[in-house]
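The values are calculated or read from the model by the stated rules, or taken from the named source; none is laboratory data. Not measured: the values here are computed from a predicted model. Backbone-built Cβ (ideal geometry, glycine too); neighbour counts: all protein chains shown.
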Amino acid sequence: MPNLEAFAPIKGRGQVLSLRLGDRHISVIDQAYNANPLSMTAALAALEQSDTLPAHRVVVLGDMLELGENAADYHVALKDPVLQTCPDRLLLCGELMHDLWRTLEPEMARAGIKGKWFASAAELKAELDAWLQDGDTVLIKSSNSIGFEKIIAGWMEEHVHTGKHMC
């Protein structure tokens, strides 16, 4: 299956980037193009099953949009998948993710998870670099209109790219 062997995820849909941010090297799993309950759960499960040490797992999630009247429930339902991922740091963004934040916050201290909720992608972007450490794997996932692609683009423009996209 030579065509399948040549497959590489595209921008915003699972592409893995190896980046140098100052003196830190990080891997970014770019899933900033689309998000729904199933894809969000699948992305978290993939990170959980990766060989990334929990101390280097950073989960950055933004709102899942266009989910209808049960949107808040779908966000809160991500509680267990997030906790199973055992992230060291959890950053949530958007009004709907605030529902998940309020549900998770009491358990985060017990689980040793550091984190913060941000009202907008602009607020998140302003602080995100301070949350990252050398060797981190960062899962960044949201609906496209949240604006996480601007965070990825900023990293690509401002920081030295250390290699080709990896799968």
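In region 63-72, is there at least one residue being among the charged types (D, E, K, R), in contact with a Pro (Cβ under 6 Å, 6 or more places away or on another chain) and modelled with pLDDT under 95?
No, there is no match, as no residue in region 63-72 is among the charged types (D, E, K, R), in contact with a Pro (Cβ under 6 Å, 6 or more places away or on another chain) and modelled with pLDDT under 95.
Kindly list the number of the only condition in (1) in contact with a helix residue (DSSP H, G or I) (Cβ under 7 Å, 6 or more places away or on another chain); (2) at pLDDT 95 or above; (3) within 21 Å of ALA126 (Cα to Cα) that fails for GLU95.
Single failed check for GLU95: (1).
Do you know which of the residues in region 98-124 that are of a type in the set (Lys, Arg) and in contact with a strand residue (DSSP E or B) (Cβ under 9 Å, 6 or more places away or on another chain) is farthest from GLN49 (Cα to Cα)?
So, considering only residues that are of a type in the set (Lys, Arg) and in contact with a strand residue (DSSP E or B) (Cβ under 9 Å, 6 or more places away or on another chain), the one farthest from GLN49 (Cα to Cα) is ARG102.
Hey, could you check region 35-56 for residues that are outside any helix (DSSP H, G or I) and at pLDDT below 85 and say which is surrounded by the most Cβ atoms within 10 Å (Cβ to Cβ)?
THR52
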